[in-house]
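Since every read-out is calculated from the coordinates, none of them should be taken as a lab result. Keep in mind that what you see is a predicted model, and the values were worked out from it rather than measured. No Cβ is skipped: glycine too gets one built from the backbone with ideal geometry, and neighbour counts run over all protein chains shown.
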Amino acid sequence: MMKPSKTFLILIAVGFLIPFSLFPHVQAFIAVSATPDLDTVAITFVDFLEEEKFEDAAKLFNTKMAEALPSHKLEAKIGELIDKVGEFKEIVETRITEEKGYRVVYVTCEFAMSTLNIKIVFDDEAKIAGLWFVPVKTEGLHGIYIAALMATGASVLLWGGLVYWLSKRKWKYLALMLITLPFSTIVNLLIKKPVYELLVSSFNVSSELSVTMPLWFLLLVLFLSPITEEAIKLFPLVARRVRRMIDGSSALWIGMAFGMGFGVGEIWYLAWGFSIVPKFAGYPFYYFVGFISERMAVVFIHGVMTAVAVTGFMEGRKRLLMGYVGAVLLHAITNIGAMFYQLKFLDETFASLYLFLPIFVAFFIFEHLRKKGLTDQMHEETVLFSRE
Amino acid sequence: MSLKIYAARKSYGWFFLALIALPFLLLGGFLVHIYLTTKYTSLLLSIFICLGIALPFLIILISLPSMNYELDDEKLVIKCGLLKYVVPSSSIKRITKRDLEISLWSGLRLPGLALFTVPYLDVGKVKMCATSASKGIILIETDLDLYGITPADEDEFIADFRSRIGGNDDETI
């Protein structure tokens, strides 16, 4: 009979230990799931307030709360609030927590002039026992900037490390990333924004993307970023000194460096964009986990897109143009998911999952370019044994 | 002749395995904690991904000390934990030592470690069980497959293999 190895027994032990270590959490999760859905009650309450159904809203109060804040007083309170923060726009998110033994739901709501948390405290019978309107806290650094820092660190470590390692440990390629760092902000503020505004005003369409827009306009918008961004990423090639650095073995790494530098710069440009949107104020960094992972992937894809054009440059100007067109197409393919999300064709999850396609394509192209750059530099081989 | 077991060369592969596994394990635990407090259902996917990544790396980390190469008159058995390749000696055509050009498509390859089938840009797919990803790999070529190993005592391993099988002397290309 086969004797189980020590390793196998250890594996079994670890395999059991991990689920058991998670068991208390799972139990807690099941316990919470079994309680009434406070999220739904809180949202219903806010919906009643929005629809000015104050009597219905007050029915969700427990006895003490109903005595302290009857429907007419509630109506007056909401009136005062609307005067201060403007009309109600939308519920941004809900968050359940426990404070001093009470279950509390924070309903973050966007108003015309501000974002507020409606803090709803529930008693044991899932009746509302307390109600506060509190400003969204923006303690210390904005969460998006912490997320941007994490995305930058992870991208530089992962992709920068990969370029450094595969290029036989050459720091100069990493240093080239610095050149294109500000290019995203430049192209977005000085080129894309004015061009888009010009298009919107010239063709008299709404600035918010929608399916009612003509297809040619949507295609124009889809290709606006690829055409402008891929061009500016190649801008360093204008310098003769940079052009002289490019040869068969360096083209890929120089292209990767320019693209990745642009991608890292883009992280910060987007982070700034998020930071000025009121509804994101006070969000903790972990709310932007999707942003971090998406940006990490995009930094690599940016690198590959530019590498396609720069390796084309090695074979003459005509091939540079072909490389540029290839980069534009890959960029457009990458942006389709985000555009479909804006057009509400895809939800957030599917738009994120879509990103796997361009990542896969980028990896494939990257490996192809590496193989092409290997040329005849074969490693020395020592034959230790041979049948012949 | 009796069976002889050759240990794999020492490496820092374990460190890189731990470097991947532990942050994912900690992040997974942290996300579990946040989920229990906030009930963000969007965190569930991240939790499963984190723990799903950490677990296989932990298993390999535990298996790493068991990596060895067993040589007898009929076969070479390459082992690491649950990974096991049996290579009949008669099927071995050539053994070489060289550096390999790594590819991004990989089974499991880290600095100081390569396991399972790993594609390389220059030699194609190699069944690896080695404590190096690309440097100083002993490549064993059979009719069907290519195996990559890194015995600690290469000279003794090759001399032992030759004495059991017989073959030509070293040559450098």
Query raised in the report: So what's the back-of-envelope 222 nm ellipticity for chain A, counting only DSSP H runs of four-plus at -39500 (n - 2.57) apiece and dividing by all residues, rounded to 500?
Result: -19500 deg cm²/dmol
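So in the protein assembly as shown, what percent of DSSP beta bridges are antiparallel if you round to the nearest 5?
On the way: 68 of 72 bridges.
That works out to approximately 95 percent antiparallel.
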Report task. Restricting to chain B, compute how many DSSP beta bridges are antiparallel as a %, nearest 5. Result -> 90 percent
Query raised in the report: Say each of A:Lys318 and A:Tyr164 gets a label point 7 Å from the Cα, pointing the same way as Cα to Cβ; how far apart are those two points in nm?
Result: 4.1 nm
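Using only Cα atoms, figure out Rg for chain B and give it as a multiple of 2.2 N^0.38 Å.
On the way: Rg = 19.4 Å, N = 173, 2.2 N^0.38 = 15.6 Å.
Rg over 2.2 N^0.38 Å, computed on Cα atoms: 1.24.
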Query raised in the report: Picking from A:Ser167, A:Ser206, A:Ser114, which is most flexible by a Gaussian network model of chain A using Cα springs under 10 Å?
Result: A:Ser206
Requested in this report: Going by C-beta contacts inside 10 Å, put A:Ser184, A:Ser210 in order with the fewest on the left.
Outcome: A:Ser210, A:Ser184
Query - About the Cα centre, charge dipole magnitude for the protein assembly as shown (Lys/Arg +1, Asp/Glu -1 at Cβ), debye - result: 1600 debye
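Nothing charged except the Cβ atoms of Lys and Arg (+1) and of Asp and Glu (-1): what's the magnitude of the dipole of the range B:1-96 about its Cα centre? Round to the nearest 20 debye.
Values: 9 positive and 4 negative charges, 37 e Å.
In debye, rounded to 20, the range B:1-96 gives about 180.
Which is the longest run of chain B containing none of the chymotrypsin sites (Phe, Trp or Tyr not before Pro) found in DSSP loop states (not H, G, I, E, B) with at most 15 other C-beta atoms within 10 Å?
Result for the longest clean stretch: B:13-104.
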Query raised in the report: Can you sort A:Asp39, B:Asp153 by how many other beta carbons sit within 10 Å, fewest first?
Result: B:Asp153, A:Asp39
Query raised in the report: Which of B:Asp122, B:Asp73, A:Asp47 comes first, and how do the rest follow, when ranked by fewest Cβ neighbours within 10 Å?
Result: B:Asp73, A:Asp47, B:Asp122
Query raised in the report: Under a GNM of chain A (C-alpha, springs under 10 Å), which listed residue has the highest mean-square fluctuation: A:Glu99, A:Glu315, A:Glu229?
Result: A:Glu99
Requested in this report: Name the long-range amide H neighbours of A:Phe133: under 5 Å, sequence gap of 5 or more, or other chain; modelled H, no Pro or chain starts.
Outcome: A:Lys119
**Report entry** MRE, 222 nm, helices only [DSSP H, n ≥ 4, -39500 (n - 2.57), over chain B, to nearest 500]
**Finding:** -11500 deg cm²/dmol
Query raised in the report: Can you give the net charge of the other residues whose Cβ lies under 9 Å from the Cβ of B:Val123, counting K and R as +1 and D and E as -1?
Result: 0
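For Cα pairs less than 8 Å apart in space and 6+ apart in sequence, what is the mean separation divided by the residue count of the range A:112-204, i.e. the relative contact order in percent? Let's see the in-between values first.
On the way: 39 pairs, mean separation 12.5, N = 93.
Relative contact order comes out at 13 percent.
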Query raised in the report: When the Karplus curve 6.51 cos²θ - 1.76 cosθ + 1.60 is applied with θ = phi - 60°, which whole-Hz ³J(HN,Hα) does each residue of the range A:235-250 get, with x for Gly and Pro?
Result: 4, x, 5, 4, 6, 4, 4, 5, 4, 5, 6, 7, 9, x, 8, 9
**Report entry** Relative contact order computed over chain B (Cα-Cα under 8 Å; 6+ residues apart), in percent
**Finding:** 23 percent
Query - 5 angstrom amide H check on B:Val126, placed H, neighbours 5+ away - result: B:Val118, B:Tyr120
**Report entry** Karplus 3J(HN,Hα) series, Hz, for the range B:62-74 with 6.51 cos²θ - 1.76 cosθ + 1.60 (x for Gly, Pro)
**Finding:** 5, 6, 3, x, 8, 5, 7, 10, 9, 10, 10, 5, 9
Query raised in the report: Among A:Tyr196, A:Gly303, A:Leu270, whose Cα sits farthest toward the positive end of the charge dipole of chain A (+1 at Cβ of Lys/Arg, -1 at Cβ of Asp/Glu, about the Cα centre)?
Result: A:Gly303
Query raised in the report: Amide H to amide H, which residues 5 or more places from B:Ser132 or on other chains are under 5 Å from it, using H placed in the peptide plane?
Result: B:Leu113, B:Ala114
Query raised in the report: Roughly how many debye, to the nearest 20, is the charge dipole of chain B about its Cα centre, given +1 on each Lys and Arg Cβ, -1 on each Asp and Glu Cβ, and no other charges?
Result: 780 debye
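Write down Rg/Rh for the protein assembly as shown, rounded to two decimals, with Rg from the C-alpha atoms and Rh from the Kirkwood relation over Cα pairs. Please list the in-between numbers first.
Numbers: Rg = 30.1 Å, Rh = 28.1 Å.
That ratio is 1.07, to two decimals.
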Query - Axial C-alpha extent at least 27 Å, average Kyte-Doolittle at least 0.0 - helices from chain A (DSSP) - result: A:6-34, A:215-233, A:251-275, A:289-313, A:317-342
Requested in this report: Rank A:Val104, A:His142, A:Ile118 by how far each Cα sits towards the positive end of the charge dipole of the range A:79-143 (+1 on Lys, Arg Cβ; -1 on Asp, Glu Cβ) and give me just the farthest.
Outcome: A:His142
Report task. Specify which residue in the list B:Gly81, B:Thr96, B:Leu146 is farthest towards the positive end of the charge dipole of the range B:53-173, using unit charges on the beta carbon of Lys, Arg (+1) and Asp, Glu (-1), about the Cα centre. Result -> B:Gly81
Query raised in the report: Normalised by the number of residues in chain A, what is the relative contact order in percent for Cα pairs under 8 Å and 6+ residues apart?
Result: 14 percent
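Shape of the range A:169-328 from its Cα gyration tensor (a ≥ b ≥ c, root eigenvalues): rounded if a/c is under 1.5, otherwise prolate when a/b > b/c, or oblate?
Numbers: a/c = 2.36, a/b = 1.37, b/c = 1.72.
Because a/c hits 1.5 or more and a/b fails to exceed b/c, the range A:169-328 counts as oblate.
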**Report entry** Under 18 Å from the Cα of A:Lys372 - aspartates and glutamates, other chains or at least 8 residues apart
**Finding:** A:Asp247, A:Glu315, B:Glu101, B:Asp122
Query - Acute angle (nearest 10 degrees) that the helix B:154-165 long axis makes with the longest principal axis of chain B, alpha-carbon atoms - result: 50 degrees
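When a/c is below 1.5 the answer is rounded, else prolate if a/b is larger than b/c, else oblate, so apply that to the range A:133-231 with a ≥ b ≥ c taken from the square roots of the Cα gyration tensor eigenvalues. It would help to have the intermediate numbers written out before the result.
On the way: a/c = 2.77, a/b = 1.38, b/c = 2.00.
In terms of gyration-tensor shape, oblate.
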Query raised in the report: Between A:Gly273, A:Gly160, A:Gly326, which gets the highest mean-square fluctuation from a Gaussian network model of chain A, Cα cutoff 10 Å?
Result: A:Gly273
